[in-house]
Amino acid sequence: MLKRIPKFLAIALVVGSFVNVSFAQQKPQPKPASQPKPTTAQQQPKPAPSPAKPPMRPPSSGASDAMFKKITDTILSQFWSWNPTWATTVGNHRYDEFVDVPSKSKIGGKLINYRNWLKTVELFSNKDLSPSVRMDYNIMRNQLKYAIWQLDTFQSYKWNPSEYNLGQAFDLTLSNPNKRLHDKVQLVNMRLAYIPQYYAAAQQNLDRPTKEHLDLAIQQINGSLEVFDKIIPDSLAKLTDEPLKAGVTEQLGKATQAIKRYVKFLEDYKKSPTSQYRDFRIGKEMYDRKFDYELQSRYTAVQIYERALIRKKQIQEEMQKLTTKLWSKYYGKQPMPTGIAAVQKMIDTLSAQHCKREDFMDCIKTMLPKQEAFLKDKDLLTPDPTKPLVVRVTPPYMEGSGAGASINDPGPYDPNGKTYYNVSLLTGYTPEQAESFLREYNDYILQILNIHEAIPGHYTQLVYANRSPSIIKSVFGNGAMIEGWAVYTERMMLEEGYGPATDEMWLMYYKWHLRSVMNTILDYSIQCLNMNEADAKKLMVNEGFQQQAEADGKWKRATLSQVQLCYYFTGFTEIYDLRDELKKKQGDKFNLKDFHEKFLSYGSAPVKYIREAMLADVADKP
Ligand code: ZN
Ligand code: ZN
């Protein structure tokens, strides 16, 4: 999983995840007109201003690429002024003094703006633009439609109280490496002043939450208190400006109280016998729409679901074959059980090779240089030594989503920011749960996890995306492309012999890969076909060879997100299909490194658009 905008944290679920381009590449733009003055405890904070503007008209038909870029740059900077905390999470620190209070009027204002921006974008015609800008046009249009749909139809701001979490926005404001601590604390001071009205609005918005999102909100928003109780005070301690320190301390007190009031409100809601809830399942109609907006795939949700069912069967057959080959090596003359029981037994045996709980992080750290060396030796991609990956413990406000490890990048506007590899310390796990988790992430699978999350998966893809010359492709990163790439690299590395790629490694790879396939089957079945918890877990354990802890975590995730679990298999399928298509077309001229670097050069765009561009490119060359 890639955690760029932690999906459960940000109100920003709106447009999916984001990727890059240096903010410096944009022209400096004026700050919003009625910028609030530094707020003291007494002053009422003003919301980030940005009046709705009528659509701008391009000069004539045949509007140029340049005009499109200029107008979308303006739209983007307005977009960020309306979504300042989201802006922070993508590394755009221009609006760090603001918080977008989720009041009814603010949400209405966003809708008016989004609709106007969409009209503006649609004044351009797809066919008047060059291929690369056409890609931007399609992405931008889709994202604005999606943002509108999120607010006027999907409306998770009413039923997902965990969206109201400011922990990360404050943490990132303070960890911005490009500003002095004193300046950052002043921004924090201004931001803190919004918190009471922010949570008052959040409370007003609550309308029949799901039980699952309510529980998550209580856990994560409590977790976010660490930022206010510890991280901010620690920064204050390093300052000598006593009046500022006193001001922030006072604001901090009020902010913390407001957060605790909100958590208490949620806890009371949970305790009250008359509280009403909605099903976490969004149903087929919403699901299909969300799938189309979010994945922008060549395939529909049901097509991908059906392909996943076929793939599941193929993988299970491959696993049977490998088990048959390996059997005597591990069990000698012992008779082999029939069916998937033999595969299960083989996996159990291999899973016993895993690192100790207390060494989990060290195990991950020592594998990374080996992977980088392999890339160089096999000439698969060019790594960038100037962008180091920092391995760290998952921050508490990000815990609870069931992921063992995830990448957390600095975002598109912060090319100098650090990319973190968050590793869970398995806190809150009983010894049995930890053992189950570690068997799942055994010595084989942990290597594949590292390929996926780090090298040459998410981390490498991000480094490339950060060089992409298109702001839109970079900023509105496509989740299916991003996850699809990571899943693709797992297989590609093994095809090249990484691991080493023994039968054991392949067997474990298939078990892991089956998870991507199962994610799709599960998500669709749970959300659209009403699959229940018991059946979902049975499917994961019996047919997906998953450990109980993994199945429990996945069920939890499936109740908290929708369509996200389809990113993996959908993106993988599209990338792998594209590679086959190009191999056929190019024959002897096909080169794996060229394919990888060309593919990544488009930034995190939907694979269907990258495919069009790459096929056109090949067609142009004799
Ligand atoms: Zn991932
Ligand atoms: Zn063990």
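Worth a mention:
- Structure-based [θ]222 nm, the chain - -39500 (n - 2.57) summed over DSSP H runs of at least 4, per residue, nearest 500: -19000 deg cm²/dmol
- Placing a label point 7 Å from the Cα of residue 106 along the Cα-to-Cβ direction, the residues of the stretch 182-224 whose backbone N falls under 14 Å from that point are 191-206.
- Charge dipole of the chain about the Cα centre (unit charges at C-beta), most positive-ward option of 67, 86, 170: 67
- By the Cβ distance rule of under 4.7 Å, the chain has these cysteines without a partner: 528, 566.
- Computed over the stretch 282-622, the ratio Rg/Rh where both radii use C-alpha atoms and Rh is Kirkwood: 0.95
- Degrees, to the nearest 10: 431-440 long Cα axis against longest axis of the chain: 70 degrees
- Per-selection Kirkwood Rh - the stretch 316-358 (Cα, Å, 1 d.p.): 11.1 Å
- Translational diffusion coefficient (Stokes-Einstein; Kirkwood radius from C-alpha pairs) of the stretch 144-210 at 20 °C, 1.002 mPa s, in µm²/s: 154 µm²/s
- In the stretch 431-507, the inverse of the mean reciprocal separation of distinct Cα atoms equals 13.9 Å; this is its Kirkwood hydrodynamic radius.
- Hits among aspartates and glutamates - C-alpha to C-alpha of residue 106 under 16 Å, sequence gap 8 or more where chains match: 152, 163
- Convex hull volume per residue in cubic angstrom - Cα atoms of the stretch 480-599: 117 Å³
- Database remark: amide H of residue 393 closer than 5 angstrom to the amide H of 423 (H placed geometrically; neighbours at sequence offset of 5 or more, or on other chains; Pro and chain starts carry no H).
- Overall shape of the stretch 547-587 was characterised from the C-alpha gyration tensor. The equivalent ellipsoid obtained from it has semi-axes of 34, 11, 4 Å, in decreasing order.
- With Cα atoms, 0 to 90° folded angle of helix 503-529 axis to the chain main axis: 50 degrees
- Percent carbon-and-sulfur accessible area, the chain, ignoring ligands, DNA and RNA, probe 1.4 Å: 53 percent
- About its Cα centre, the stretch 213-348 has a charge dipole of approximately 780 debye under the convention of +1 per Lys or Arg Cβ and -1 per Asp or Glu Cβ, with nothing else charged.
- Length, then width, then depth: along the principal axes, the Cα atoms of the stretch 109-150 run 33, 17, 9 Å.
- J(HN,Hα) series, the stretch 480-494, from Karplus relation 6.51 cos²θ - 1.76 cosθ + 1.60, nearest Hz, glycine and proline x: 5, 5, 5, 5, x, 4, 4, 5, 4, 5, 4, 6, 4, 4, 5
- Theoretical gain in end-to-end length, residue 261 to residue 329 [0.36 nm per residue, Cα-Cα removed]: 18.4 nm
- Residue by residue, the stretch 81-96 carries 3J(HN,Hα) couplings of 5, 7, 10, x, 6, 5, 3, 4, 5, 9, x, 8, 9, 5, 10, 5 Hz when phi is fed to the Karplus relation 6.51 cos²θ - 1.76 cosθ + 1.60 (θ = phi - 60°); x denotes Gly or Pro.
- Cα-only Debye scattering, the chain: base-10 log of I(q)/I(0) at q = 0.07 Å⁻¹: -0.44
- Gained length - residue 70 relative to residue 601, 0.36 nm times residue gap less alpha-carbon distance: 189.0 nm
- Normalised alpha carbon radius of gyration of the stretch 240-386 [divisor 2.2 N^0.38 Å]: 1.85
- Computed about its Cα centre, the charge dipole of the chain is approximately 1340 debye, with only Lys, Arg, Asp and Glu carrying charge at their Cβ.
- Given 356/556; 238/376; 345/554; 69/418; 365/556, the pairs whose alpha carbons are separated by over 32 Å: 238/376
- Distance histogram for the stretch 64-114 (every C-alpha pair counted, 10 angstrom bins, percent rounded to whole numbers): 25, 45, 26, 5
- Over 23 Å (Cα to Cα) - which of 211/260; 145/473; 387/473; 184/245; 184/254; 312/473 fall in this group: 312/473
- Taken one residue at a time, the phi angles of the stretch 605-610 give Karplus couplings (6.51, -1.76, 1.60, θ = phi - 60°) of 8, x, 4, 5, 7, 4 Hz. Gly and Pro are set to x.
- The slack between residue 250 and residue 229, meaning 0.36 nm per residue of separation minus the straight C-alpha distance, is 6.3 nm.
- Each part reduced to its alpha carbon centroid, the stretch 231-286 and the stretch 570-595 end up 48 Å apart.
- Dimensions of the stretch 163-271 from C-alpha coordinates, computed as largest minus smallest value along each principal axis and given longest first, are 46, 24, 19 Å.
- Global size of the stretch 517-583: 13.5, 43 Å for Rg and Dmax (C-alpha atoms, Rg to one decimal, Dmax whole).
- Accessible area per residue, Å², the chain with all protein chains present, probe 1.4 Å: 39 Å²
The values are calculated or read from the model by the stated rules, or taken from the named source; none is laboratory data. A quick note: this is a predicted structure, and the numbers were derived from the prediction, not measured. Note that we place each Cβ from the backbone using ideal geometry, even for glycine, and neighbour counts take in every protein chain shown. Only protein heavy atoms, including side chains, enter the accessible area calculation; ligands, DNA and RNA are left aside. Shrake-Rupley method; radii C 1.70, N 1.55, O 1.52, S 1.80 Å.
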